[in-house]
Structures are given as C-alpha cells and as structure tokens.
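Here, each number is a calculation from the coordinates, and none is a lab measurement. Since the structure is predicted, the reported quantities are computational estimates derived from the model, not experimental observations. Cβ placement follows ideal geometry from the backbone for every residue including glycine, while neighbour counts extend to all protein chains displayed.
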Amino acid sequence: MSIPRLPRFQATRFAKLSARGHVGRSSSQREDMKTIAIISQKGGAGKTTLAVHLAVCAHLAGHRSAVIDLDPQATARKWADKRRDEPEVVGDHAERLPFLTEAAKNNGADLLVIDTAPNADRASLMAARAADLILIPCRPAAFDLDAIAATCDLADLARRPAWVLLSSAPVRSPLVEESRLGLEADGRRVAPFVLHQRVAFSHSVIDGRTAMEFEPFGKAAGELRDIYAWACKEIELDSRLPGSKMRKSA
Ligand SMILES: Nc1ncnc2c1ncn2[C@@H]1O[C@H](COP(=O)(O)OP(=O)(O)O)[C@@H](O)[C@H]1O
Ligand SMILES: [Mg+2]
C-alpha cells in the first residue's frame, strides 16, 4: 500500500522539500530555481522516464529536486508512491502550475521537472512556458519523427529553448544519426546525447528507483548523467557531478 505523501490541494505542497532542510543553505527560498519541461504528444516517447531520472540525478548530486506530474495517467506519481526518497512528485492540473512552481521554489527546490501528458495542447504549452529548458524525447523511428512536428511547433510558440532528445534508441543503429540529420534539416535542435534502449531504464522504475540506483556504473546511468550534465549547462545550474566545471554566471 502506498504512503500518502502530501495532503491534496493544500498550500503545503512540496512541504517535504522544506521539511528535510538543506545543509549549507541559509534560506530555503530558491530565487534561482530552474525548470525543465518534458513534452511530446506521442505516448511512450520516454517523457516520464526522462523526468524522474533527471530529478533523481539532481537529487543524487546534492540538489533539491521535485517533479510536477501533469499527466492524468499519473505514471510519475505512481513511481513516487513506490519510492521512499526524494524527489517529491505532485500532480495537478496545468492551471495550477504557477502555484505549484512557486511552492517548489519557496520550499527550496533547485530543479523542478515538469512531466506532461501525451498531448500538444494547452497544458503542454503552459508547461513549456514555465520552463527554462524544454526537452522533447523522441524515438528514432519514422512514425515518431513524423509526429514530432506539433510538439516542436508548440515549443516554438512557448519561446523557450527546446531540444529534441533521441530516446529509446536502438544501440549501434544508423537510425540515430539519420534521425538527427533529418531533424536538423527540418530546423530542429537535437541534444548532443542519446538515451538508448536499455533494460535498466525500464526495470529500475518498477520499484521506484532509477537506472543510477539500479546499476550505478551501467551504461544507462552513464547516459543519463551525460544528459543531466548537458541540461544543467543549458539552464546554468551547477550539475554538482564530480568533475563538473560549471559555475553559474554572475
Ligand atoms: N531508454 C529507454 N530504454 C528502455 N525502456 C525505456 C526507455 N525509455 C522509456 N522506456 C520504457 O518505455 C515505456 C514508455 O516510457 P514512458 O517514459 O512512460 O513514456 P511517456 O511518458 O512518454 O509515455 C515505459 O515502459 C518505459 O519503461
Ligand atoms: Mg508519461
């Protein structure tokens, strides 16, 4: 049976973030909280997998991270129910995004990840507009690549930096490079790292973990760390990964 994490519809959302405190921080308020929105109108593209992995990567690196789950299917929330550790995941309607974003900030989050439903609708647009960085996971397969245009148009509408991230890619397949070239020819920006199809991504989440916890030195964990470090650079957040030289601009 899952443990209720937060009272529903209260102003104390993300209370766990503040309740746990943070070493070395004088104030829990994060004026510089960064937000990543994961959008794609295609179901099964890897949105939730990416959202929870990025949030956990930040958490393991010593950041406070949180996830807003806008998908009525509540996949990220169900994953969090099986987990006993951060990141905190809350779900709501997109109309409540400004409130939830503010709550995460007030409760000390450094990184907020917004997971969305498989739509290119108003809710996804609101998530995109709330973001410092939009990631659009996409399988390198014809039907998926065809379906990505609406999501990319929505990201353009939001006027936020947006990148397509090739996800669930077959290992050592020419499809990856072909997809990248095709997307770039269409004027899309494609993230320099790829998430390959790896069992650690799908197996680890069964009991509320991630690939980094399931197999810390595995290939899936390595790929995710690369993407996390790259995304942190894009949003000017110190990744806090060993060897990271990133310093926030003044
Ligand atoms: N890189 C990957 N390697 C292996 N399985 C993956 C990968 N990304 C996602 N999956 C699996 O694919 C399915 C759909 O992923 P999910 O993240 O739920 O997509 P979305 O949120 O876009 O619908 C899930 O079963 C998930 O475990
Ligand atoms: Mg999902």
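Please report the net charge: other residues with Cβ closer than 14 Å to the Cβ of PHE193, K and R +1, D and E -1. It would help to have the intermediate numbers written out before the result.
Numbers: positive: ARG180, ARG189, ARG198, LYS219, ARG225, LYS233; negative: GLU177, GLU223, ASP226, GLU234.
The answer is +2.
What FRET efficiency do you get for ASP32 and ASP207 if R0 is 30 Å and r is their Cβ-Cβ distance, rounded to the nearest 0.05? Don't skip to the answer; put the middle values down first.
Working: r = 33 Å, r/R0 = 1.11.
After rounding, the FRET efficiency stands at 0.35.
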Legend entry - Sequence of PHE99, PHE217 once ranked by neighbouring C-beta atoms within 10 Å, starting from the fewest: PHE217, PHE99
Legend entry - Percentage relative contact order, the stretch 31-235, counting C-alpha pairs under 8 Å, at least six apart: 25 percent
Legend entry - Proxy reagent accessibility, fewest Cβ within 10 Å first, across HIS93, HIS59, HIS196: HIS93, HIS196, HIS59
Inset, instruction - Rank ARG225, ARG122, ARG77 by mean-square fluctuation in a GNM of the chain with C-alpha springs under 10 angstrom and give only the top-ranked residue. - result: ARG122
Legend entry - Under the Debye formula (equal points on every Cα, no solvent term), log10 I(q)/I(0) of the stretch 31-235 at q = 0.15 Å⁻¹: -0.86
Legend entry - Cα gyration tensor shape for the stretch 162-245, rounded if a/c is under 1.5, else prolate or oblate: oblate
Inset, instruction - Could you give the size of the charge dipole of the stretch 41-116 about its Cα centre, using +1 on the Cβ of each K and R and -1 on the Cβ of each D and E, expressed in debye and rounded to the nearest 20? - result: 220 debye
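Mind putting a number on the dipole of the chain about its Cα centre? Charges go on the C-beta only, +1 for Lys and Arg and -1 for Asp and Glu, and I need it in Debye to the nearest 20. Let's see the in-between values first.
Numbers: 36 positive and 31 negative charges, 146 e Å.
Result for the chain is approximately 700 debye, rounded to the nearest 20.
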Legend entry - Computed lengthening from ASP146 to GLU178, 0.36 nm per intervening residue step minus Cα-Cα distance: 10.2 nm
